[in-house]
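Notes follow once the structure below has been shown.
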Amino acid sequence: WTNQLGGVYQTTRAIKRSNITFIGKGIGETTILGGIAIHNVQNITLKQSTVTNTNGDGILMHGAEVELVDVGSINCHGYGIKLLPFPTSRLVATRCEISNNGQSGLHIFNSNTNRPQNVCLKNCNSHHNSNDGIWIYGKSVIEIHGDATAIHSNSQRGICAWNSGKVLIHLPSNHNTS
């Protein structure tokens, strides 16, 4: 895949059409070897699969609307999931695992834009990533929901938000936050 700036990602496949659903047989059962680039398309759904890219990022989004359900972004050389601006993206992830990646698990970057990146995580886990579990920069909002949510054992920080990045945590009162 070649991005809009001319960068070449040799182990990444591009989704170039809207309204596409991929359904696997489960995390660890169906594995996509190589990254997935989703650029300027909407209504993309990935379900019940694992993305592993030993030479780059797992899921890369530019101006995309994506839903992940029971998806793992695991053992990627770069970021597990990466959202970049120009234009901004929207991601809803449910029961997903983002782990053992060479950079941050979830990387949300937004600069020079008035449109925020919007991310909603529901019962997702981000752990054992080489940098942060979740890294958010610029005008972006991430909402974290669910009693099965876990962000732990990352090399740097669990959640890092700066330069107008917002994190809204909606956990039940009995959730263990230690």
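The values are calculated or read from the model by the stated rules, or taken from the named source; none is laboratory data. Nothing here was measured: the structure is a model prediction, and the numbers come from that model. Positions of Cβ are backbone-derived with ideal geometry, glycine not excepted, and every protein chain shown enters the neighbour counts. In case anyone asks, the SASA skips ligands and DNA or RNA and just uses the protein heavy atoms, side chains included. Shrake-Rupley method; radii C 1.70, N 1.55, O 1.52, S 1.80 Å.
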Accessible area (Å², 1.4 Å probe, nearest 10) - SER126: 0 Å²
In 5 Å bins starting at zero, report the fraction of Cα pairs in segment 19-99 per bin as a rounded %. 4, 17, 29, 28, 18, 4, 1
Once you put a point 7 Å from the Cα of HIS170 and another 7 Å from the Cα of THR54, both along the Cβ direction, what distance in nm separates them? 4.0 nm
Alpha-carbon centroid distance for the pair segment 111-178 / segment 33-60, whole angstrom: 19 Å
For segment 73-178, what ratio Rg/Rh do Cα atoms give with a Kirkwood hydrodynamic radius? 0.95
Under a cut-off of 27 Å between alpha-carbon atoms, report the lysines in cross-link reach of LYS139, not counting same-chain residues fewer than 8 places apart. LYS16, LYS82, LYS122, LYS166
Work out, in µm²/s and without decimals, the Stokes-Einstein translational diffusion coefficient of the chain at 20 °C, 1.002 mPa s, Rh from Kirkwood over C-alpha pairs. 136 µm²/s
With label points built 7 Å along Cα→Cβ from the Cα atoms of ASN3 and GLU143, find their separation and express it in nm. 2.8 nm
Averaging the inverse of every distinct alpha carbon separation and then flipping it gives the Kirkwood radius. What is it for segment 86-127, in angstrom units? 11.6 Å
